[in-house]
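Notes to accompany the following structure.
Here, each number is a calculation from the coordinates, and none is a lab measurement. On a predicted model such as this, the values are computed, not experimentally measured, just so you know. Backbone-built Cβ (ideal geometry, glycine too); neighbour counts: all protein chains shown.
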Amino acid sequence: MQATLNVLYKTIKTKKKKERFETILEPLQALLQIAYLSFTPIGTKVTIVEFMNRILPIEDEDVSKSMATIYKKKGVTVMTESSVEKVDVVGDRCVVTVKTKNGEEKLECDIVLSAAGVQTNLENLGLEEMGIKTDKGKVMVDDFYQTSAPGVYAIGDIVPGPALAHVASAEGIICVEAIAGHHPEPLNYGNIPGCTYTHPEVASVGLTEAQAKEKGIEIRVGKFPFSASGKAAASGAKDGFVKVIFDKKYGEWLGCHMVGEGVTDFIIEAVVARNLETTGHEILKSVHPHPTMSEAVMEAVALAYDECIHL
């Protein structure tokens, strides 16, 4: 789970005597999406306070850098390696103490929104009395979601794995199919798409470039910017890119990372391709429609294999 999210609104009197608000965020990934979508378009000055050394720290580093640049371009201030230490209420104002690598700063605002992560709520359910084992706040289950108590099953946010709605749905189907005796395959948690509904959106699946290198894998990397996309240009959505990572030796599609308009809608191409063990060459030989945002996936693969002709 990513770091906390705090939002501060600072009332500013303009020369026309109108009010403007300032928002400061210390991001939990699921809530980072509100930084631009909810506040900036209505005249809010947004500041993001991130405990880690980059925003969206679980994403590929290029995604973090791109989103930081995009946010700054839109007038959002990004403070990394920082944390909210305390909030004091003085009258109708909030005074927030932010610890940074250069010392403490005090910020004034009207409202503070803080989300310190997500935890399961397993207290007082009688799990121990039923013989249901837990570990680090999670209910322990087998591949088909049966707990240590026969006949008792658990899925979703209370079991290990990504706390995502689409994951819980898949777990529920597998669980019920197993109960019905249909012999389903266990869920592949290494091929779960992650989506962050920022503006532009972020979507990813599989290994980041850094993770692939840490595993000692020799890789091919392709990164196609939407600034070179005709559909993106026509739509006024030229921010972002599609980045793909392949195993150089075997051609396995290791990861895919996207920033851009509507990317949460077509990350599924990478998910399905990885599930089918599709190679980059098969993606290149699959004709992608033009003009579309999703053809950037094919272009990124072409770049990885030194076959790109549109950049």
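Here are a few things to note about the model shown:
- Cα gyration tensor shape for the range 191-304, rounded if a/c is under 1.5, else prolate or oblate: prolate
- Sparse packing (at most 12 other Cβ atoms within 10 Å of the Cβ) combined with a DSSP loop state is found for the following trypsin sites (Lys or Arg not before Pro) in the range 134-223: Lys136, Lys215.
- Partner aspartates and glutamates for Lys101 [C-alpha distance under 20 Å; skip if fewer than 8 residues away on the same chain]: Glu26, Glu50, Glu81, Glu85
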